[in-house]
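The values are calculated or read from the model by the stated rules, or taken from the named source; none is laboratory data. No experiment lies behind these values; they were computed from the predicted model shown. Virtual Cβ from ideal backbone geometry, glycine too; neighbours counted across all protein chains shown. Ligands, DNA and RNA are stripped out before the accessible areas are found, and what is left, the full protein with its side chains, is counted by its heavy atoms. Shrake-Rupley method; radii C 1.70, N 1.55, O 1.52, S 1.80 Å.
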Amino acid sequence: MKNFEYYNPVRILFGPGEVERIGAEASKFGKKVCLVSYKKIDFLHPLLERIKRLMEKENIRVFPFLQVEENPDIQTVETGVRLCKDEGVDLVVGVGGGSAMDAAKAIAAGVYYEGDLWNMVFSRHSTVSAIPPEKSLPTVMVPTLPATGSEMNLCAVVSNRKLQEKSYIWSPCLYPKTSIIDPELTVTLPPFQTACAAADTISHVLEIYLNGEEDSDLQHYFQEGVMRTVIDNVEKALARPNDISARSHLQWAATCAINGWASPGDAWTPIHQIGHVLTALHKVPHGASLSILMPAWMTVMHSRRMDRYYRFATRVMDVCPSGKDEKRVVAEGIGTFCAFLKKIGAPVSLREAGIVNPDIGRIVENVVKVSFNAEGYLACNPPVSREDVAEVLKKAL
C-alpha cells in the first residue's frame with residue numbers, strides 16, 4: 001500500500017426525516033444563511049420552502065440564492081459571493097445535487113478569497129498554478145441526488161464557460177460542517193437522473209479499481225461493495241421510486257464512494273477528466289458523460305490489466321468463469337456492465353447524447369490542456385496517452 005494521510009471532519013445526519021433537523025443545525029453557525037440551489041428545477045421548490053421555514057423557526061434570516069446551473073459557472077459563484085458579502089451571511093446551505101453543493105462550497109470559500117476566483121481552481125494538471133482557498137464560511141449540505149458525494153469531501157467542481165473548461169477546487173476548508181443525508185429527498189428524482197447518478201457513483205470507485213494501485217486489498221473489496229450496492233438497488237428505485245430502503249442504500253453508497261474511504265493514497269479518476277471536457281464543450285450531463293465513457297474506456301484499456309478486469313467481471317458483474325478463458329470472461333464482464341447501464345436508462349454512446357460527428361481532436365486537446373501531467377500523460381496506472389484518449393472517444397461513438 002501507498003503511504004497516505006486521511007482527514008474527514010464532516011458530521012453526518014443520515015436517514016429518512018433527518019431534514020427536519022436543518023434549522024437546529026444551521027442555528028449552530030449563525031443567524032444569517034445563504035440558501036444555495038438551482039434556478040430551473042421546479043420539483044425542488046417545495047423542499048426549499050420547507051427548509052426555509054424550518055430555519056426561520058430558529059430565528060434565522062434566509063437569503064435564497066437560487067441561481068445555480070448545471071455544472072456551475074465561476075461567474076455564478078461570483079454573484080453568490082457578492083450576495084453573501086452584502087448581507088453579512090454567517091453560513092451557506094447547499095440543497096440539491098453536486099452542482100448546487102459545489103456552488104455552495106465555492107461561494108463560501110469565495111467570501112474570503114482575494115483576487116480572481118478562478119485562481120482557486122486546479123485548471124492545469126501539468127503545473128500547480130492554483131492558489132486554493134484557506135478559509136471558508138461554514139457550510140451545511142442537503143443532498144437530493146445520490147451521486148457526487150460532495151456532502152462529505154473537500155472538493156468542488158466548477159466551470160468557466162468563457163474558457164470552456166471544468167475542473168476542481170481542493171482544500172480542507174471546503175469540508176462541510178454537517179451534511180443531512182435524507183433518502184426521502186431523492187424519491188422525486190426523474191428516472192434519467194437516477195440512472196446517471198448511479199453511473200456517477202460507480203465511476204468514483206470503478207476508475208480507481210481499474211486504474212489504481214494493485215496492492216490495495218481493503219480498498220478493492222470496498223470498491224466492489226460500493227458497485228454491487230448500486231447495481232443491486234438502482235433498478236429497485238427505478239421500479240418503485242418510493243422504496244426508501246433502496247434509496248437509502250444508493251445515497252450512502254454515493255457518499256462513501258468519494259469521501260476518501262475507498263481510495264486513501266490512490267485516487268486516479270482519468271475517465272472523469274475526459275467527461276469534464278464533454279460537459280464543457282457539449283453540455284453532456286456529468287453522470288451521462290461517465291456512463292458513455294466507462295464501457296468505451298474498458299474496451300480500449302482492458303488488455304493492459306487483464307487480471308483486474310477479470311476480477312471485475314467475476315466479483316462485480318457475476319460472470320461465471322467456468323469453462324471460459326480469461327479473455328472471454330473479461331469480454332462478458334464489459335458486455336454485462338454495458339447492458340446494465342442500458343437497462344437502467346443511462347446512455348452508452350455519444351450519439352445517444354446527441355453528439356454526432358464530434359471533433360475528437362478538439363476534445364482530446366482540451367483533455368490534454370487541462371488534465372495531462374507534466375510528463376505528457378493522463379495520470380493513472382498505467383499512464384494514458386493522447387492517442388489512447390482519442391481511441392476511447394472513437395469507441396464511444
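Restricting to DSSP loop positions (anything but H, G, I, E, B) with no more than 10 other Cβ atoms inside 10 Å of their own Cβ, which trypsin sites (Lys or Arg not before Pro) remain in segment 108-205?
The qualifying sites are 162.
Rounded, prolate or oblate: pick one for segment 86-227, where a ≥ b ≥ c are the square roots of the eigenvalues of its C-alpha gyration tensor, a/c under 1.5 means rounded, and failing that, prolate if a/b is larger than b/c, else oblate.
Oblate, since a/c reaches 1.5 and b/c is not below a/b.
In terms of modelled amide H atoms, which long-range or inter-chain residues lie less than 5 Å from the amide H of residue 15?
181, 182
So how tilted is helix 386-395 from the main axis of the chain? Cα-based, degrees 0 to 90, rounded to 10.
So the inclination is approximately 90 degrees.
For segment 7-21, in order, what is each residue's ³J(HN,Hα) by Karplus, 6.51 cos²θ - 1.76 cosθ + 1.60 with θ = phi - 60°, in whole Hz (x at glycine and Pro)?
8, 8, x, 6, 8, 10, 10, 10, x, x, x, 5, 4, 4, 8
Given the protein chains as shown and a 1.4 Å probe, how many square angstrom of residue 359 are accessible, to the nearest 10?
Surface accessible to solvent at residue 359 totals approximately 90 Å².
Can you run phi through the Karplus equation (6.51, -1.76, 1.60; θ = phi - 60°) for segment 216-228 and list ³J(HN,Hα) in whole Hz, with x for Gly and Pro?
3J(HN,Hα) across segment 216-228, in whole Hz: 9, 4, 4, 4, 5, 5, 5, 4, 4, x, 4, 5, 5.
Show me, for segment 376-383, the HN-Hα J-couplings you get by feeding each phi into the Karplus relation (A = 6.51, B = -1.76, C = 1.60, θ = phi - 60°), rounded to Hz, glycine and proline as x.
So the J values, rounded to whole Hz, are x, 9, 7, 5, 5, 10, x, x.
Once you have a ≥ b ≥ c as the square roots of the Cα gyration tensor eigenvalues for segment 266-382, tell me rounded if a/c is under 1.5, and otherwise prolate or oblate according to whether a/b is larger than b/c.
oblate
Count charges around residue 324 for me, please; just the other residues with Cβ under 14 Å from its Cβ, Lys/Arg as +1, Asp/Glu as -1.
Residues close to residue 324 contribute a combined charge of -2.
Using only the alpha-carbon atoms, how far is helix 270-282 inclined from the longest principal axis of the chain? Give it as 0 to 90 degrees, nearest 10.
The angle comes out at about 60 degrees.
In whole percent, what relative contact order does segment 294-333 give with Cα contacts below 8 Å and a gap of six or more residues?
Relative contact order comes out at 41 percent.
Amide H to amide H under 5 Å from residue 165: which residues, 5+ apart in sequence or cross-chain, H placed 1.01 Å off N in plane?
160
Summing -39500 (n - 2.57) over the DSSP H runs of n ≥ 4 in the chain and dividing by its residue number, what mean residue ellipticity at 222 nm do you reach, to the nearest 500 deg cm²/dmol?
Taken over the chain, the calculation gives -14500 deg cm²/dmol.
Can you tell me, using C-alpha contacts under 8 Å and at least 6 residues apart, the relative contact order of the chain as a whole percent?
It rounds to 16 percent for the chain.
Quick one: net charge of residue 22's neighbours, Cβ under 14 Å, K/R +1, D/E -1?
In short, -1.
Set the Förster distance to 56 Å, then compute FRET efficiency between residue 307 and residue 161 from the Cβ-Cβ distance, nearest 0.05.
Rounded to the nearest 0.05, the efficiency is 0.85.
Segment 298-397: which GluC sites (Glu not before Pro) are DSSP loop and have at most 11 other beta-carbon atoms within 10 angstrom?
Answer by residue number: 375.
Among the GluC sites (Glu not before Pro) in segment 211-265, which ones are in a DSSP loop with at most 13 other Cβ atoms within 10 Å of the Cβ? Mind listing them?
Of the GluC sites (Glu not before Pro), the ones in loops of segment 211-265 whose Cβ has at most 13 other Cβ atoms within 10 Å are 214.
Can you list residues whose amide H is under 5 Å from residue 63's amide H, if they're 5+ apart or on another chain and H is modeled 1.01 Å from N?
Here 33, 34, 35 satisfy the definition.
What figure in square angstrom, to the nearest 10, would you give for the accessible area of residue 320 with a 1.4 Å probe?
Rounded to the nearest 10, the figure is 80 Å².
How much net charge surrounds residue 388 when only the other residues with a Cβ under 15 Å from the Cβ of residue 388 are counted, with Lys and Arg +1 and Asp and Glu -1?
Net local charge, residue 388 excluded: 0.
Quick one: of the DSSP bridges fully inside the chain, what percent are antiparallel, nearest 5?
Counting DSSP beta bridges with both partners in the chain, the antiparallel share is about 25 percent.
Looking at the chain, identify the longest residue range that excludes and avoids all chymotrypsin sites (Phe, Trp or Tyr not before Pro) in DSSP loops having at most 13 other Cβ atoms within 10 Å.
Within the chain, the longest run free of exposed chymotrypsin sites (Phe, Trp or Tyr not before Pro) spans 8-397.
Please compute the per residue accessible area over segment 101-206 with all protein chains in place, 1.4 Å probe, rounded to a whole number of Å².
32
Using a 1.4 Å probe on the protein chains only, how many percent of the accessible area of segment 251-378 belongs to carbon and sulfur?
In segment 251-378, the share of accessible area belonging to carbon and sulfur is 51 percent.
Charges at C-beta only: +1 for Lys and Arg, -1 for Asp and Glu. How large is the resulting dipole of the chain about its Cα centre, in Debye rounded to 20?
Dipole about the Cα centre, nearest 20: 600 debye.
If you line up the long axis of helix 326-344 against the longest principal axis of the chain, both from Cα atoms, how many degrees apart are they, to the nearest 10?
40
Expressed as a rounded percentage, what relative contact order does segment 35-145 have, with Cα pairs under 8 Å and six or more residues apart?
In percent, rounded to a whole number, it is 29.
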